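The values are calculated or read from the model by the stated rules, or taken from the named source; none is laboratory data. If you're wondering where the values come from, they're calculated on a predicted model, not measured in any experiment. Cβ atoms come from the backbone with ideal geometry, glycine included; neighbour counts cover every protein chain shown.
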C-alpha cells in the first residue's frame, strides 16, 4: 500500500470500450445507484453507476467488496470468527478477509497489502483485475482477439481457435455467468441481443439496455 487507504497493484488497463452490444445498467440519478438500499460511494455519471477512480489502484476496494464499515474486527459480520481484518480505507475502517487466516486462492482472490485501522500491516484478500476507465471502475474486458496457442491462454470459458490464434466463445453456454455480456455467443464474442436477456440489475434503481458501450 502506498499510503493510508491507498493500494498498489490495480489493473492499469482494462482495455478499450467494446465495439459490440453488451448489457449496460442505465441510471438517471445518484439515488439509482444504491445496493440493497445502501449508499456505497457510487455516482450516476453519463447514465452509468460508477465507483469513481483516478487509477486502477482505486478500484481494488470496490472490486474486492470491502463495503462493511468497522472500527474494530468485532464490527464485521460474524466478528473475529469470520477471519476478518478491519483495514484503513482513506481514514475509515472497512472489513476485509485476513489472508493470514484464510487462503485467498480458495476465494478466487490474491493477497493485497493493507494497514489495520489501529495501525500495523496486514495482508488481506482482494481483487486486483479491475481497472479505471473514463473516471469509473470497470472489470477487465476479455479480448477475443488476444493471440493464443492453447485454451489455457484464453479467458475462462473461451477456447483458442487455431490456426487464427483468437480466443473465442464456442456457443451460448460459454457466456453463462457473464451477466454484463448477456448469454449469446455471436462471432466468438459474448454479447446480448436485447435487454430482455440481461437478467437482474446489480443496482437498486437501474434498468438494463443492450447497447454498445
Residues being within 29 Å of residue 134 (Cα to Cα) and in a strand (DSSP E or B): count how many of those fall in region 51-104.
11
Those residues of region 132-156 which are modelled with pLDDT of 75 or more and under 18 Å from the mean Cα position of the chain (by Cα) amount to 132, 133, 134, 135, 136, 137, 138
Kindly provide the set of residues from region 35-45 that are part of a loop (DSSP other than H, G, I, E, B) and free of Cβ contacts under 8 Å to residues at least 40 places away in the same chain, ordered by number.
39, 40, 41
Note on region 105-131: residues more than 16 Å from the chain's Cα centre (by Cα) and in a helix (DSSP H, G or I) are 105, 106
Under the condition of being within 25 Å of residue 128 (Cβ to Cβ) and touching a helix residue (DSSP H, G or I) at 6+ places or on another chain (Cβ under 8 Å), which residue from region 14-38 is modelled with the lowest pLDDT?
14
Only listed residue being touching a strand residue (DSSP E or B) at 6+ places or on another chain (Cβ under 6 Å), farther than 22 Å from residue 62 by Cα and part of a strand (DSSP E or B), chosen from 190, 185, 210
210
Scan of region 74-99 for residues that are loosely packed, with under 15 Cβ neighbours inside 10 Å and over 22 Å from residue 36 (Cβ atoms), ordered by number:
74, 80, 81, 90, 91
Go through (1) surrounded by fewer than 21 Cβ atoms within 10 Å (Cβ to Cβ); (2) under 24 Å from residue 103 (Cβ atoms); (3) in contact with a strand residue (DSSP E or B) (Cβ under 6 Å, 6 or more places away or on another chain) one by one and return the number of the condition residue 71 breaks.
(2)
Which one of the conditions (1) surrounded by fewer than 22 Cβ atoms within 10 Å (Cβ to Cβ); (2) touching a helix residue (DSSP H, G or I) at 6+ places or on another chain (Cβ under 8 Å); (3) within 23 Å of residue 31 (Cβ to Cβ) does residue 49 fail to meet, given that it meets all the rest?
(1)
